[in-house]
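Structure first, then comments.
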Amino acid sequence: MTSRAVVAVAVAALQFTVMAEPLRFLTFNIWGDYFNNPVAEREAGVEATILNSRADVIALQEVTPNWYKSQMFLNLAKAGYAVVRGDEAAALRRAAFTGKPTEEHINHEPVLYRKDKLKLLESGTDFFHLNLQTSKSVTWLVLEDRESGRRFVAFGTHFWWQHNGKESNAIRELNARHILWIYADIRRKWGADLPAVLGGDLNSLETSSDHAMLRTGGFVNAASHAEIRSPHCSHHGNPVRAEGGRWRGSLQSPERDKAKYSIDHIYYTKGIRALRHEIVTDQVALDVSDHSPVLVEFDLLP
């Protein structure tokens, strides 16, 4: 190779390094509407929080039927996002559901992606345990970066919620194991080296057994491994009605507002580098949910 060719290759590599943007993954539990907290009073704030994140992939939790009927998803579609709920009927069959589906038998954990940046290759959803709770599931997408052609799996999930000791811990372990089974199936089809990003409300600390299960499958937590990490806790308690009826939220006390108490997490596997982990703590985000969104910027490695 001539010296001129070497210089040209070096310049091209530098341009790619400068121009390539990290992918942004957001997970956000939007606080349903179970607690006399109507969607209409909070959807503008949830929508603004999502759009302000500039995320390429968004894993949502507690998306109740009224959220799907809201204006928010229409506005997000106009902003360039596609929403993936998966084949809910097939998921009900896999879960051995034999009754008549109701509005509650929907996927409460959809995943959105930016259509201009990513191409959807395949998707699916599974319910974890309909006999215990209909609103806990996992949604997965095989996505391709339109610029680089690099592929990855995105998981959005919500684990079992109770904290009554070994029984609940075991249920969350099964939730994690279920995801590892799905990931193994996906890699058999799309390639063993296909990396993954997983985000959701796991309802557990990083020291819990369900996290250990994820680690056995090659996942690592961005909160512990990203180059830049947030010091905040992702869960801050329910917003309350303030003067004028407006919802107001706040961070936990300094003693509890620590990363080690987070229950919302983003994990990733080999083939991905986590650059920046952020707990979104602006007032708009605090006011609309009891969970702060978690945002991670990452690179897909060649």
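The values are calculated or read from the model by the stated rules, or taken from the named source; none is laboratory data. The structure displayed is predicted, hence computed values, not measured ones. All Cβ positions, glycine included, derive from the backbone under ideal geometry; neighbour counts span all protein chains shown.
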**Request:** Kindly check whether there is at least one residue in segment 8-16 that is surrounded by fewer than 17 Cβ atoms within 10 Å (Cβ to Cβ) and modelled with pLDDT of 95 or more.
**Result:** no
**Where Glu88 falls short, out of the listed (1) surrounded by fewer than 20 Cβ atoms within 10 Å (Cβ to Cβ); (2) under 15 Å from the mean Cα position of the chain (by Cα); (3) not hydrophobic (A, V, I, L, M, F, W, C)** = (2)
**Prompt:** Of all residues in segment 121-167, how many are surrounded by fewer than 19 Cβ atoms within 10 Å (Cβ to Cβ) and more than 16 Å from the chain's Cα centre (by Cα)?
**Reply:** 21
**Asked** Of all residues in segment 23-59, which are assigned to a loop (DSSP other than H, G, I, E, B), in contact with a Phe, Trp or Tyr (Cβ under 9 Å, 6 or more places away or on another chain) and among the charged types (D, E, K, R)?
**Response** Asp33, Arg42, Asp56
**All positions within segment 230-261 that are within 16 Å of Pro38 (Cα to Cα), in a loop (DSSP other than H, G, I, E, B) and touching an Asp or Glu at 6+ places or on another chain (Cβ under 7 Å)** = Asn238, Pro239, Gly249
**Message:** For segment 262-283, which positions are part of a loop (DSSP other than H, G, I, E, B) and of a type in the set (Gly, Ala, Ser)?
**Reply:** Ser262, Gly271
**Item:** Complete set of residues in segment 46-59 that are buried (at least 21 other Cβ atoms within 10 Å of the Cβ) and of a type outside the set (Asp, Glu)
**Value:** Val46, Thr49, Ile50, Ala55, Val57, Ile58, Ala59
**Message:** Taking the criterion of being aromatic (Phe, Trp, Tyr) and under 20 Å from Asp264 (Cβ atoms), would at least one residue in segment 184-191 satisfy it?
**Reply:** no
**Item:** Exclusive hit being over 21 Å from Val220 (Cα atoms), in contact (Cβ under 8 Å) with a residue 12 or more places away in the chain and among the basic types (Lys, Arg), set Arg241, Arg246
**Value:** Arg246
**Item:** Selection within segment 60-83 - buried (at least 20 other Cβ atoms within 10 Å of the Cβ), part of a strand (DSSP E or B) and among the aliphatic types (A, V, I, L, M)
**Value:** Leu60
**Fill in**
The correct count of residues that are in contact with a helix residue (DSSP H, G or I) (Cβ under 9 Å, 6 or more places away or on another chain) and of a type in the set (D, E, K, R) in segment 279-296 is 2
**Prompt:** Can you pull out the strands (runs of 3 or more DSSP E) entirely within segment 97-174 that have at least 2 residues that are more than 21 Å from Val296 (Cβ to Cβ) and touching a strand residue (DSSP E or B) at 6+ places or on another chain (Cβ under 6 Å)?
**Reply:** 118-129, 133-145
